[in-house]
Amino acid sequence: MTGFPHVTSEGLDPAQRKLWDELTLGPRGFYTGGPQTKRLPDLYNAWMQFPEFGQLMLRLGDDIRARKDLPGRLREVIVLVVSARLGAMVEFDFHVPFARNEGISQELIDAVRAGATPPFADEAERAVHDACVQLLGTATLEPATRDRLVELIGYPGLVELMATAMLYVITAWTTNVARVKLAEDFSADPDKLKDFFAGKPVAPSESPA
């Protein structure tokens with residue numbers, strides 16, 4: 001089974017044009033190819049089939065990265081656990097450098113990839129990992145896990161955890177259904193990528209390709 005048909009910049013309806021421009025001219029332009037791109041990365045290409053939905057996902061991702069209730073390290077634990085548990089290994093591998101950038105150990109990354117219990121650096125990592133596993137498996141949290149999370153990251157952090165998990169569940173579904181692959185010609189400044197996924201401002205490329 002192949003991926004979704006590639007949408008090009010020609011013949012877009014107004015909603016698709018809005019999403020296309022956001023992806024190529026906005027803060028993601030440095031890794032989507034910029035204004036001269038001929039095709040979008042597979043994940044975004046799939047969302048072009050429902051561009052209003054794609055816009056919501058972009059806004060959610062931006063809002064999550066801009067918040068401070070959930071530290072970036074814990075956010076990346078969520079991404080890794082959700083991606084691995086749902087078999088979206090392209091997304092998992094894409095986020096490994098960002099997880100390392102946030103201080104997550106290689107031992108934890110390897111364990112999550114294998115579906116094993118990781119060696120946690122602290123209780124917050126353990127609680128977030130357990131919460132993701134429980135949410136994916138039962139759609140709720142055990143009382144002790146919920147109470148521990150509230151103690152560690154507060155109610156805002158708990159809701160942000162659920163929002164982050166939801167975003168990456170949708171990303172995993174899209175990755176799996178659309179057979180998303182990282183294009184062989186994908187090229188982006190790794191430091192800019194790390195800054196972007198850490199919620200830091202990223203300057204646009206001077207000469208987008």
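Listed values, structure above:
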{"quantity": "Subset of region 110-128 [within 25 Å of Val177 (Cα to Cα) and touching a helix residue (DSSP H, G or I) at 6+ places or on another chain (Cβ under 6 Å)]", "calculated": "Val112, Arg113"}
{"quantity": "Flag if Val79 is touching a residue at least 40 places away in the same chain (Cβ under 8 Å) and farther than 26 Å from Ala203 by Cβ", "calculated": "no"}
{"quantity": "Thr140 in a helix (DSSP H, G or I) and at pLDDT 95 or above", "calculated": "no"}
{"quantity": "The listed residue being over 12 Å from Ser83 (Cα atoms), surrounded by fewer than 19 Cβ atoms within 10 Å (Cβ to Cβ) and within 14 Å of the chain's Cα centre (by Cα), out of Ala144, Ala178, Ala163, Ala116", "calculated": "Ala163"}
{"quantity": "Condition check for Val133: surrounded by fewer than 20 Cβ atoms within 10 Å (Cβ to Cβ), out of contact with any Pro (no Cβ under 6 Å at 6 or more places or on another chain) and either touching a residue at least 24 places away in the same chain (Cβ under 8 Å) or in a helix (DSSP H, G or I) (or both)", "calculated": "yes"}
{"quantity": "One residue from Arg179, Arg126, Arg146 being closer than 30 Å to Phe4 by Cα and among the charged types (D, E, K, R)", "calculated": "Arg179"}
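The values are calculated or read from the model by the stated rules, or taken from the named source; none is laboratory data. The model shown is predicted, which means the values in this text are computed figures rather than measured ones. Ideal geometry is used to build each Cβ from the backbone, glycine not excepted, and the neighbour counts take in all protein chains shown.
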